[in-house]
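Engineer: Before we start, here is the structure in question, set down as structure tokens.
The values are calculated or read from the model by the stated rules, or taken from the named source; none is laboratory data. None of the values given here were measured: they were computed from a predicted structure. Using ideal geometry, Cβ is built from the backbone for each residue, glycine included, and neighbour counts are taken over all protein chains shown. Areas reflect the complete protein model, heavy atoms only, side chains present, ligands, DNA and RNA absent. Shrake-Rupley method; radii C 1.70, N 1.55, O 1.52, S 1.80 Å.
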Amino acid sequence: MNPSISTQIKVIAILLALTISFGCQQTTSNYLEETREEKENRMLWWKEAKFGMFIHWGLYSIPAGEWKEEKNHAEWIRTTAQIPLEEYDQFLDHFNPVKYNPKQWVKLAKNAGMKYIVITSKHHDGFCLFDSKFTAFDVLSTPYGKDLLDQLVEACRQEDMKICWYYSIMDWHHPDYLPRRNWEEGRTGDGADFEKYIAYLKNQLKEIVKNYGDIGVLWFDGEWEETWSNEYGKDIYNYVRNLQPSIIINNRVDVGRSGMAGLTRPGEFVGDFGTPEQEIPATGLPGVYWETCMTMNDHWGYNKNDENWKSTKELIQKLADIASKGGNFLLNVGPTADGLFPQESIIRLQQIGSWMDIYRESIYKTTASPFKELAFGRCTQKATSIGTRLYFHVFDWPENNRLKIPGIYNQPQRAFLLSDLRHGRLEITQLEDGLEIILPASPPDTINSVIVLDIEGKPDINHPPEIHCPHDIFVDFISVNISACCDQCDVYYTLDGRQPDLNSKKATGPMILKSSAIVAARCFRNGKPVSETVHKEIKQVQTLPAIEPGVVVPGLYCKYFEGTWDSLPAFERMEPLKKMESVDFDLSLREHDNYYGFLFEGYIEITEDGVYDFYTDSDDGSCLYIDDSLVVDNDGLHGMKMKRGAIPLSKGLHKINVKFFERDGNDELKIYYKGPSFERKPLPSNILYKKETKKAP
């Protein structure tokens, strides 16, 4: 059928559907009052699965990342390339994925060891991969003309694979969604009714939740614009749970997410799990369900020029890292417009699958590591009928073939290579601060070999003590506290770096240092050392002298640049497109929303001598300099990320320079500071100055 005729028929059907049913089903249960036990039962399959496939697919696959001279676009291409709506809509006539083979997709996922698939039912551009009765902007209006999701559902059911939907709250196509893109000069929000969009959203959610049987996860995104709210988030969460009570919903249904770190404060915002994006939390998150979503290269949607592929080694080790911290790994594939997985993705999926064929026991149904840190790799664990099975993921095979397990107090039962089907026993040697497992001369797997250790009881780990102090530098004095990180332990310490023993000082509370020291601390239990020794050097320093720049006036100078960067360029050696003056670190002075950078220059007034903390919280990269010294390095491509640095400063004026760049996506820069007599707060504009001159340098 001609696509234009098909579209006309679809529009008539939509009008009939809206006439028959305008409005949405009312919720009958309040799932915000779900008990902890009820949630744990609902989350069990997801928690045990550990590994899933993300699929970003839609009209944006057609240009394959290219628009005019730019080759760095993907699923955001409509806004990053600023394509007018009527021009983007023409992709409908070209979307015909005749090579789409959902059975093959599911087989690839299953053979890679994945347990669930999350696919973009609708992304930010508003295009739907399913047959929706409430829009003509869906796959039924393309030459392909068939629902893509029902075929994938059938393939998943045949392979016992959980099917899950991604759904974007943000919609660049719907006439009632607000706000408009700020570059859409001819498409104003006049007459738009956001409540009508909410009704549309609910109608579509009902379609994708009720029309395809049991759905594992509804994975929301696009919640960060000012039109969305906590009230909408709670309402939609309850609405969807009433449609299918067993469904799992991520935290992006609500506001409050901390940027790409992906976590929200529990109790204040709804959502069943956190969603770190392109990053893995540095430490475990006890009591929190979370899932890292990550691309295999640099883009979510298909970009034919993106050759920056993560290696299979990286991906397998990331899977082990995430599992060792109690999270799930959602690994992305961006299919072509024809419906094919890129060959580079297929190769990596197959290689991950080969590893999982041998080592899957160390991933599925495991919980987070009982160790805070292991120099050689990671650890996952499972409870057994008589104790605990520890899986040591060895990334770096020890040169002396002795794998040291630090701080473990349990009685070992046996150790063996997981790859050894005979479970031949490995020799175990008891140490005063742990044990050693004697390994073969070479690893069975060069990427990640898994050693199994069975122990009696729950893990009893003696972690090294922690040395707490505000900074590792101070001016006059500093308070230091040393604490044990395990039960039944005493901590002994020295201040000259020597190994502590029972004759050393015992840590009993905070102490005051008035001179430089190398603090060494170790845990003892029943009179014997049971942990490694930790060291921290704390230096007494002089404050940097203030400078006298001459006459200054409030504000900063800033230089504006445009370009495509992965990290901060040397702006100071580049010719800016514009030179301006600003009250503070104001990104609204930009000409475009993407591919730009700023260099802010001026002076900061310090009111008392002492050590100061400075912070940048930015998307993408930023760096902050005081008196030409790099204090905060927050460079690189990333979502909102906060970094901190400290510097000793004298009362008076000091140079301050801040660099920032934005490639694509969100753009935000926040600067904070903390002083000797106040806690962290936003850096106020009334302490920023620039040298008085007739024009910017």
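Engineer: Which of the residues belonging to the stretch 462-482 are hydrophobic (A, V, I, L, M, F, W, C) and either open to solvent by less than 40 Å² (accessible area, probe 1.4 Å) or under 14 Å from residue 518 (Cα atoms) (or both)?
Structural biologist: Passing the criteria: 467, 469, 473, 474, 475, 478, 480, 482.
Engineer: A follow-up question, please. If I ask for residues that are more than 23 Å from residue 549 (Cβ to Cβ) and not aromatic (Phe, Trp, Tyr), which ones from the stretch 590-610 would you list?
Structural biologist: 590, 591, 592, 593, 594, 597, listed by residue number.
Engineer: Restricting attention to the stretch 107-126, and to residues there that are hydrophobic (A, V, I, L, M, F, W, C) and farther than 11 Å from residue 55 by Cα, which single residue is surrounded by the fewest Cβ atoms within 10 Å (Cβ to Cβ)?
Structural biologist: By that ranking, first place goes to 108.
Engineer: OK, next. Quick one: would you say residue 264 is free of Cβ contacts under 8 Å to residues at least 40 places away in the same chain, in contact with a helix residue (DSSP H, G or I) (Cβ under 9 Å, 6 or more places away or on another chain) and within 30 Å of residue 67 (Cβ to Cβ)?
Structural biologist: no
One line per residue, one yes/no per condition, for (1) open to solvent by 10 Å² or more (accessible area, probe 1.4 Å); (2) closer than 18 Å to residue 34 by Cα; (3) at pLDDT below 95; (4) assigned to a strand (DSSP E or B):
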{"residue": "186", "(1), (2), (3), (4)": "yes, no, yes, no"}
{"residue": "197", "(1), (2), (3), (4)": "no, no, no, no"}
{"residue": "205", "(1), (2), (3), (4)": "no, no, no, no"}
{"residue": "209", "(1), (2), (3), (4)": "no, no, no, no"}
{"residue": "213", "(1), (2), (3), (4)": "yes, no, no, no"}
{"residue": "236", "(1), (2), (3), (4)": "no, yes, no, no"}
{"residue": "242", "(1), (2), (3), (4)": "yes, yes, no, no"}
{"residue": "245", "(1), (2), (3), (4)": "yes, yes, no, no"}
{"residue": "256", "(1), (2), (3), (4)": "yes, no, yes, no"}
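Engineer: Output the residues belonging to the stretch 32-63 that are closer than 23 Å to residue 83 by Cα, open to solvent by 10 Å² or more (accessible area, probe 1.4 Å) and among the hydrophobic types (A, V, I, L, M, F, W, C).
Structural biologist: Selection gives 62 alone.
Engineer: Just checking, how many residues over the stretch 277-297 are open to solvent by 50 Å² or more (accessible area, probe 1.4 Å), in contact (Cβ under 8 Å) with a residue 12 or more places away in the chain and either charged (D, E, K, R) or over 24 Å from residue 45 (Cα atoms) (or both)?
Structural biologist: 1
Engineer: Do any residues in the stretch 551-570 that are closer than 29 Å to residue 692 by Cβ have Cβ atoms under 6 Å from those of residues that are among the polar types (S, T, N, Q) and at pLDDT 95 or above, where the two are at least six apart or on different chains, and which pairs are they?
Structural biologist: 556/582; 558/582
Engineer: Let me ask another. Based on what the data block shows, is residue 162 farther than 24 Å from residue 101 by Cβ and either of a type outside the set (Ser, Thr, Tyr) or open to solvent by 10 Å² or more (accessible area, probe 1.4 Å) (or both)?
Structural biologist: Here the answer is no, as residue 162 does not meet what is asked.
Engineer: Output the number of the condition that residue 270 fails; it satisfies all remaining conditions of (1) in contact with a helix residue (DSSP H, G or I) (Cβ under 9 Å, 6 or more places away or on another chain); (2) closer than 22 Å to residue 65 by Cα.
Structural biologist: All conditions pass for residue 270, except number (2).
Engineer: Another one. Mind checking which residues of the stretch 512-531 are open to solvent by 30 Å² or more (accessible area, probe 1.4 Å) and either at pLDDT 95 or above or touching a His at 6+ places or on another chain (Cβ under 9 Å) (or both)?
Structural biologist: Across the stretch 512-531, the qualifying residues are 512, 514, 515, 516, 518.
Engineer: Moving on. From 352, 405, 346, grab the single residue that is aliphatic (A, V, I, L, M), touching a residue at least 40 places away in the same chain (Cβ under 8 Å) and surrounded by fewer than 17 Cβ atoms within 10 Å (Cβ to Cβ).
Structural biologist: Residue meeting the stated conditions: 346.
Engineer: Inside the stretch 316-338, can you point out the residues that are in contact with a Pro (Cβ under 7 Å, 6 or more places away or on another chain) and basic (Lys, Arg)?
Structural biologist: If the condition is that a residue be in contact with a Pro (Cβ under 7 Å, 6 or more places away or on another chain) and basic (Lys, Arg), then 325 is the only one that fits.
Engineer: Determine if the stretch 379-394 includes at least one residue that is touching a strand residue (DSSP E or B) at 6+ places or on another chain (Cβ under 6 Å), open to solvent by 20 Å² or more (accessible area, probe 1.4 Å) and not in a strand (DSSP E or B).
Structural biologist: No: zero hits.
Engineer: In the stretch 298-320, which residues are touching a strand residue (DSSP E or B) at 6+ places or on another chain (Cβ under 9 Å) and surrounded by fewer than 20 Cβ atoms within 10 Å (Cβ to Cβ)?
Structural biologist: The answer is 310, 317, 318.
Engineer: Do any strands (runs of 3 or more DSSP E) entirely within the stretch 613-679 hold 3 or more residues that are open to solvent by 20 Å² or more (accessible area, probe 1.4 Å) and within 30 Å of residue 79 (Cβ to Cβ), and if so, which?
Structural biologist: Answer list for the stretch 613-679: 641-649, 668-675.
Engineer: Also: Is there a residue being of a type in the set (S, T, N, Q) and buried (at least 24 other Cβ atoms within 10 Å of the Cβ) anywhere in the stretch 72-88?
Structural biologist: no
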